[in-house]
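Each remark here refers to the structure printed beneath this line.
What follows is calculated from the coordinates using simple rules that are stated; it is not laboratory data. All of these numbers come straight from a predicted model, not from anything done at the bench. Note: ideal-geometry Cβ built from the backbone for every residue, glycine included; neighbour counts use all protein chains shown.
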Amino acid sequence: MRMIELTQEDLKRCFSDNIFHQISETADKLGLECYVVGGYVRDLFLQRPSKDIDIVVVGSGIQMAEALAAQLGKEAHVSVFASFGTAQVKYRQTEVEFVGARKESYQHDSRKPIVEDGTLEDDQNRRDFTINALAVCLNKGRYGELADPFNGLEDLRQGNIRTPLDPDITFSDDPLRMMRCIRFATQLNFYIEEETFASIRHNKDRIQIISRERVADELNKILLSPVPSKGFVELDRSELLPLIFPELAALQGVEIMNGRAHKDNFYHTLEVVDNISKHTDNLWLRWAALLHDIGKPRVKRWESRIGWTFHNHNIIGERMIPDIFRRMKLPMNEKMKYVQKLVTLHMRPIIIADDVVTDSAIRRLLFEAGDDIDDLMLLCEADITSKNQIRKQRFLDNFKLVRQKLKDLEEKDRIRNFQPPVTGEEIMETFHLRPCREIGILKSAIKDAILDGVIPNEHEAAYVFMMDKAKEMGLKR
Ligand code: ATP
């Protein structure tokens with residue numbers, strides 16, 4: 001991510017919106033120093049779209065927010081969070097957060113700091129990284145003036161992430177910052193300065209005091225970055241990975257038996273995640289890529305005749321997912337089920353592509369994947385990381401065939417959202433049955449006949465097939 005240079009004049013123009021001038025006027029009336037701070041300023045220099053506007057006031061942020069809302073009139077809504085000493089003003093489409101400049105000191109066993117009023121510099125000191133500590137003054141006499149005591153601008157220019165204070169203090173005070181550090185490095189493609197990085201490693205165990213939701217939030221942001229692998233490599237290098245995601249760390253390593261090695265499933269997984277990220281912003285599809293081989297370490301075996309095997313790793317992976325999601329406080333709803341489904345099915349298209357591509361295999365795949373078939377195909381293509389170009393090309397060619405057949409058959413058979421052409425109720429009525437296992441047997445015989453292409457997916461043909469099958473079973477009308 002490249003930075004642009006902005007002079008004070010440019011910055012004045014960046015803050016030319018009415019809302020900033022209103023803030024400026026209010027602050028001057030109250031006689032308070034007032035700055036835009038943090039991510040908003042950083043993102044101006046990086047030309048990234050920024051969301052929240054954070055304002056720091058040397059004095060009371062709450063008093064400032066209330067005065068601003070009064071000045072803006074009926075359209076402004078203020079919410080005060082007295083226990084945090086912050087307030088938010090919503091005005092038309094804009095949200096502005098106000099906080100009084102603070103000085104913070106931490107105790108070892110908690111993330112809750114002791115907070116006192118402070119100067120702008122005290123406030124910048126408590127920020128996590130130099131690039132997040134930039135502040136631009138909004139008071140009339142100094143409008144657009146940049147306050148950058150830690151040379152954050154130079155770090156933006158160089159693409160460096162560094163803490164304003166001794167990193168051991170910054171990270172130990174609030175260990176979430178270790179995750180934020182790696183997340184920003186991934187989102188911005190920045191380099192984590194050496195001392196800062198060494199300190200993450202040194203303080204890694206303190207991550208345990210951070211709530212799982214917040215860790216997962218950062219993991220999601222890493223996964224949604226342009227090249228997510230960078231974040232996971234940094235998590236690994238810093239030794240945070242086994243603490244926050246042991247199952248992923250367990251994918252690492254290569255074992256050799258009789259001169260035969262299996263691939264390193266951690267790096268393979270990261271390649272798959274990067275591959276899929278070129279094609280989708282769907283967080284849960286990216287999660288499916290991250291977890292597609294998660295079952296491998298548990299089923300890895302050496303079989304003298306075959307070599308390294310990972311039988312059923314997809315099923316084992318699917319079963320591991322609820323535990324992972326529960327622990328990470330990720331949603332245990334249809335999103336998790338979607339990830340599970342893709343993990344279970346992730347080898348199916350490739351197995352089909354590796355063989356003669358039969359209609360019946362394609363129909364079964366469509367039937368099981370339903371509406372998620374396109375996502376499954378993306379995952380499967382992303383999973384081809386073979387370095388052998390000939391082998392890779394063969395798979396990709398066969399995939400084209402699978403995709404074409406999927407299209408043809410779908411039109412012909414409407415399998416994607418399969419509805420049985422003969423319902424259980426019709427079976428019960430025809431043979432005067434109460435609910436019993438024969439109904440299930442007939443239904444699945446009809447389904448199999450359709451998927452295997454024995455009969456078309458139509459009521460008439462299914463009905464005739466059912467009558468024949470029922471006769472075999474000794475059922476009478
Ligand atoms: P993003 O919106 O992408 O998360 P951001 O930098 O705006 O990026 P916020 O979490 O909104 O991140 O935080 C706003 C600012 O508050 C940051 O730029 C930083 O100055 C400060 N900040 C946030 N969290 C911390 C923290 N844990 N420790 C120190 N400073 C923090």
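Odds and ends about this structure:
- Exposure rule at most 11 other beta-carbon atoms within 10 Å, DSSP loop GluC sites (Glu not before Pro): the chain longest free segment: 256-477
- Of the residues Ile316, Gly424, Met178, the one whose Cα sits farthest toward the positive end of the charge dipole of the chain, with +1 on the Cβ of Lys and Arg and -1 on the Cβ of Asp and Glu, is Gly424.
- In this structure, the residue pairs whose Cα-Cα separation is over 32 Å, taken from Lys204/Lys341; Lys392/Lys412; Lys51/Lys230, are Lys204/Lys341.
- Trypsin sites (Lys or Arg not before Pro) lying in DSSP loop within segment 11-117, provided at most 13 other Cβ fall within 10 Å: Lys51, Lys74, Arg92
- About its Cα centre, segment 98-245 has a charge dipole of approximately 480 debye under the convention of +1 per Lys or Arg Cβ and -1 per Asp or Glu Cβ, with nothing else charged.
- Segment 78-106 residues near the modelled Asp166 label - backbone nitrogen below 16 Å, point 7 Å along Cα→Cβ: 105-106
- In loop segments of segment 360-467 as defined by DSSP, the trypsin sites (Lys or Arg not before Pro) with at most 11 further C-beta atoms inside 10 Å of their C-beta are Lys387.
- Shown here for segment 299-344: trypsin sites (Lys or Arg not before Pro) in loop regions (DSSP other than H, G, I, E, B) with at most 16 other Cβ atoms within 10 Å, namely Lys300, Arg305, Lys329.
- Mean-position separation - Cα centroids, segment 66-103 and segment 296-342, in angstrom: 47 Å
- Proximal lysines relative to Lys471, as straight alpha-carbon distance under 28 Å, when same-chain residues fewer than 8 apart are discounted: Lys443, Lys447
- Rounded FRET efficiency, nearest 0.05, which uses the C-beta distance separating Lys335 from Ile315 and R0 of 22 Å: 0.65
- Couplings 3J(HN,Hα) of segment 379-389, computed from phi: 4, 5, 5, 5, 6, 7, 10, 4, 8, 7, 4 Hz, in residue order, whole Hz [Karplus 6.51 cos²θ - 1.76 cosθ + 1.60, θ = phi - 60°; x for Gly and Pro].
- Shape call, segment 277-328: gyration tensor on alpha carbons, a/c limit 1.5: oblate
- For segment 320-459, convex hull of alpha carbons as volume per residue, Å³: 136 Å³
- Only the Cβ atoms of Lys and Arg (+1) and of Asp and Glu (-1) were treated as charged; on that basis the dipole of the chain about its Cα centre amounts to roughly 1600 debye.
- Only one residue of Ile390, Phe245, Tyr191 has its Cα farthest out toward the positive end of the dipole of the chain, where Lys and Arg carry +1 and Asp and Glu -1 on Cβ, and that residue is Ile390.
- Additional length obtainable on full extension of the chain from Arg298 to Arg394, 0.36 nm per residue less Cα span: 31.6 nm
- Virtual paramagnetic centre 7 Å along Cα→Cβ of Arg201, amide N under 19 Å, in segment 153-171: 161-163, 166-171
- For Met473 and Asn189, a Förster radius of 45 Å and the Cβ-Cβ distance give a FRET efficiency of 0.10, rounded to the nearest 0.05.
- Relative contact order (%) - criterion: Cα under 8 Å, at least six apart; region: the chain: 8 percent
- Between Thr280 and Arg212, the distance separating the two model label sites (each 7 Å from Cα on the Cα→Cβ line) works out to 2.5 nm.
- Summing Lys and Arg as +1 and Asp and Glu as -1 over all other residues whose Cβ lies under 9 Å from the Cβ of Arg201 gives a net charge of +1.
- Legend: Rg and Dmax of the chain, from Cα coordinates, 29.6, 96 Å.
- The string of couplings for segment 264-277 from the Karplus curve (6.51, -1.76, 1.60, θ = phi - 60°) is 6, 6, 5, 5, 4, 4, 5, 5, 5, 4, 4, 4, 5, 5 Hz, one whole number per residue in order, with x for Gly and Pro.
- Cα gyration tensor shape for segment 325-407, rounded if a/c is under 1.5, else prolate or oblate: oblate
- Shape category assigned to segment 83-170 from the gyration tensor of Cα positions, a/c cut at 1.5: oblate
- Selection among Ser60, Thr344, Val36 by position relative to the dipole of the chain gives Thr344 as farthest towards the positive end (Cβ unit charges, Cα centre).
- Given charges at beta-carbon only (K, R positive; D, E negative), |dipole| of segment 1-160 in Debye: 360 debye
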